Amino acid sequence: MSSYQCLDRRIQQWIFKQGWSDLRPIQQDAIDPILSKNTDVLISASTASGKTEAFFLPACSAIVDNQEGIGILYISPLKALINDQYRRLESLSEITQIPVTPWHGDSSQSHKGKLRRNPSGILLITPESLESLMMRQSGWVKTAFANLAYICIDEFHAFIGMERGQQLLSLLTRLEHLLGRLDRPIPRVALSATLGNLEAIPDILRPNQNQYFPCKTIKDDKTSSQLQLQVRGYLIKEPTRELNPSENTQQILPISLDKFDENTSEAIIEDPDLLISDLYKFCRKGNHLVFANSRGRTEYLSAKLSDMCEVNHVPNEFFPHHGSLAKELRETLEHRLQQEKIPTTALCTMTLELGIDIGKVDSVIQVTPPHSVASLRQRMGRAGRRGDPAKLRMLISEREITVDTAIPDRLRLGLIQSLAMVRLLINRWYEPADTSLYHFSTLIHQILATIAQWGGIRAEQLYKLLCQLGIFQNINTQHFKQLLTHMGQMQLITQLGSGEITLGIVGEKLTSHYSFYAAFKTPEEYQIIYQGKPLGTLPIDSMIVEQQYIVFGGRKWLVTFIDSDKRIVIVEHAKGGIPPLFGGGSLSVHTIVRQEMLKIFMERDYRIDVDGQSIDYINSNAKELFNESIENFYQLGLNNNWLIETGSTVYIFTWLGDKANNALVALLTQSGYMVGNYGGVIDVRKPTDSEDKITASEIQWCLKKILKRGLPTPEQLAKQVPLKSLEKFDDFLPEDLLCLGYGAIAFDLKELEQWLELVCNA
């Protein structure tokens with residue numbers, strides 16, 4: 001009997017009605033392991049490859065004749081994706097008579113009420129809503145999920161290594177514990193298009209349990225999608241002036257923030273003529289997605305394009321889409337894209353990166369370098385549906401080189417990073433999951449949620465459930481005891497005479513509010529102060545220490561003081577010309593990306609090798625910018641040197657990822673230098689009160705000294721960072737656990753030590 005014949009006849013009938021001539025390879029391969037119910041399943045395939053059907057067709061076949069209780073629990077990171085799946089499952093639900101219920105904060109009470117009265121079929125839910133049910137209605141959950149056959153996690157990559165991922169995987173362990181299924185696991189099916197290091201994923205999907213419950217990996221290697229790709233370069237020409245060496249640069253005021261992006265502290269300076277004209281030309285009369293990385297840039301570009309429509313007396317086709325927009329505006333735009341009747345271009349951040357069905361998109365355009373290779377893959381997969389080639393354009397702006405141009409901009413690092421990510425994308429490399437993190441904040445959240453669920457629980461039971469059996473594998477008993485003790489001191493929990501732990505006064509207050517269900521928070525906003533006057537606010541989502549350079553509002557500043565209590569950062573205007581245009585992005589860039597950038601420089605070649613042929617994919621402007629970057633790379637001697645001495649600055653080129661570079665920045669500030677990090681290039685200067693000239697040999701000697709005395713641990717290095725509270729409940733952590741957690745997030749001392757040994761002993 002073929003795999004297809006194993007499907008229920010009603011499912012076969014549905015497939016026939018879709019007009020499908022055959023199932024796709026991943027859909028065929030998924031049938032047997034899912035129907036067996038004796039293995040977890042990981043399905044890794046490109047966007048629009050049929051991953052969702054690969055799960056639902058056999059899973060619905062398995063539960064179609066057993067409607068007692070909820071049979072399938074589908075978990076998504078986005079409400080919009082849940083709504084989309086609800087629409088997509090409508091016809092399948094009709095033919096199989098399997099009810100489907102969407103459940104999230106915006107779902108109708110009628111849907112929820114119906115499921116409460118008669119739990120059955122498929123439940124589509126977010127982690128936060130599942131947390132609410134577990135905490136407030138655990139009795140109903142125990143009954144409603146008694147016959148649960150499958151748990152499906154969509155867009156699994158969006159959870160891995162994140163607070164939401166820790167929460168979700170902890171929730172699944174708690175759910176199996178509640179249902180008495182720890183010894184009879186409920187099969188978990190994970191779906192994703194961009195999972196790096198697939199071999200490590202099964203242990204993340206079911207921590208420490210694969211020896212008892214295996215995981216079948218299904219990867220779409222049998223099909224290849226066509227990609228039409230072009231990288232386009234743009235030159236920003238700005239009027240500049242040569243500064244008099246004696247001029248006090250601190251007086252270059254007032255500071256204009258008219259084009260300031262408060263989300264990313266980047267100046268929005270794309271060429272208002274050529275780049276926007278190209279966007280208008282590429283997108284008019286079609287359906288497109290333009291990813292602009294930040295909310296401010298998204299709004300800026302959509303406004304400019306809307307103005308262009310008005311000038312040309314044509315209907316507006318350009319609309320922003322980001323998380324801060326009202327739900328109604330986002331859904332209206334999504335519906336407009338789905339209809340495919342009216343030409344529509346969405347200018348978005350990361351909001352349309354995941355697998356929401358937005359119909360057929362003609363192309364995807366990336367403005368500025370993407371955050372990661374995985375992100376680029378997700379975005380590329382939004383186009384090229386229904387058998388058409390995927391069309392991807394990347395529009396990269398670089399600054400005209402003048403006397404003021406910083407070294408990073410001379411190397412066109414934004415362009416080079418984009419080219420490196422394209423090459424890695426073609427070679428199917430994606431950033432691997434970081435499983436080294438502790439996530440103490442989320443552990444606090446899960447301790448409180450578990451106590452709220454049970455009313456009271458013993459410490460050893462908590463540790464076994466959350467750490468030994470759950471996702472918090474990095475937490476040892478010493479850390480756990482220390483955490484519980486501190487939580488008691490903070491009145492989050494209290495211990496009864498019986499030994500049971502219950503919620504304390506503060507814990508009761510936190511868990512009683514609806515905001516508790518989410519384990520994550522938006523980055524803390526700090527006010528930037530210059531000469532007593534506020535310049536704006538900056539979300540703190542990366543390392544900032546005193547004597548570090550930052551770029552804010554398109555200008556370069558030196559951080560002189562940080563007050564974590566008042567949420568302020570005091571800055572001085574930094575000397576030394578205009579700041580680099582390219583800062584590398586707010587998210588951490590991986591070492592493999594930087595090494596690929598170096599490879600491009602050394603080979604003087606950006607082209608992609610496909611079937612033995614070198615494929616060119618950049619336009620003439622980008623080629624000119626690339627040739628200029630190569631020329632400057634060799635003129636600076638970076639083919640042989642990692643230190644560049646120029647004027648009052650020494651630049652360090654490590655070609656390492658941001659975690660290793662963060663560690664080097666912290667160590668150099670510890671040594672008394674003023675330090676910046678722009679796109680992986682480290683900028684080192686003497687303190688402002690020093691009259692001595694900085695030299696490359698001095699920095700080399702300093703690094704040798706750092707290596708000789710021995711590098712600190714990430715925890716020790718974290719102690720010098722004042723702003724360590726990145727996650728939701730970090731303020732409830734004792735200082736040493738906060739440092740331990742932050743150190744794992746921010747620093748890679750092992751990688752840095754290897755690099756130091758290489759360059760210092762050469």
3J(HN,Hα) from dihedral phi, the stretch 617-633, Karplus parametrisation 6.51/-1.76/1.60, rounded to Hz, x for glycine, proline: 9, 10, 7, 5, 5, 4, 5, 4, 5, 5, 4, 5, 5, 5, 4, 5, 4
Extension gain, residue 731 back to residue 329 (0.36 nm per residue minus Cα-Cα distance, nm): 141.2 nm
In degrees, nearest ten, helix 735-746 long axis to first principal axis of the chain (Cα): 80
5 angstrom amide H check on residue 391, placed H, neighbours 5+ away: 228, 364, 384
Helix 25-36 vs. the chain, principal-axis angle (Cα, 0 to 90°, nearest 10): 50
Estimated FRET transfer efficiency (residue 32, residue 531; beta-carbon r; R0 51 Å; 0.05): 0.15
Distance violations [Cα-Cα > 29 Å] among 51/464; 533/750; 481/724: 51/464; 533/750
Cα-projected label distance for residue 515 with residue 212, points at 7 Å along beta-carbon direction, nm: 3.9
Approximate spin-label separation residue 670-residue 88, in nm, with each point projected 7 Å along Cα-to-Cβ: 4.8
Beta bridges by DSSP in the chain, antiparallel share as percent, to the nearest 5: 40
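Order of 235, 301 from fewest to most other C-beta atoms within 10 Å?
By the 10 Å Cβ count, ascending: 235, 301.
With 10 angstrom as the radius, rank 60, 283 by how many other C-beta atoms surround their C-beta, starting from the fewest.
Placing the least packed residue first, the sequence is 283, 60.
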Sum of -39500 (n - 2.57) over DSSP H runs of 4+, divided by residues of the chain (222 nm, nearest 500): -11500 deg cm²/dmol
Rounded tilt (10° steps) of 79-88 against the dominant C-alpha axis of the chain: 50
Cut-off under 5 Å, modelled amide H: who pairs with residue 504 long-range: 493, 494
215, 6 arranged by Cβ crowding within 10 Å, fewest neighbours leading: 6, 215
Those aspartates and glutamates that a straight Cα-Cα span of less than 13 Å connects to residue 708, excepting residues fewer than 8 apart in one chain: 753, 757
28 Å Cα-Cα threshold exceeded, pairs from 599/659; 599/623; 509/659; 686/719; 237/556: 509/659
Dipole magnitude (debye, nearest 20) for the chain, charges at Cβ of Lys, Arg, Asp, Glu: 1620
Amide proton proximity set for residue 618, modelled H, under 5 Å, gap of 5+: 231
Reported label for calculated Cα extents along the principal axes in Å given (i) 83, 69, 49; (ii) 144, 63, 54; (iii) 180, 77, 49: (i)
Spacing of the two label points (7 Å from each Cα toward its C-beta) at residue 118 and residue 613, in nm: 6.0
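Bear in mind these aren't lab numbers, they're just calculated from the coordinates by the rules spelled out. Since this is a predicted model, take the numbers as computed values, not measurements. As a convention, Cβ positions derive from the backbone with ideal geometry for all residues, glycine included, and neighbour counts pool all protein chains shown.
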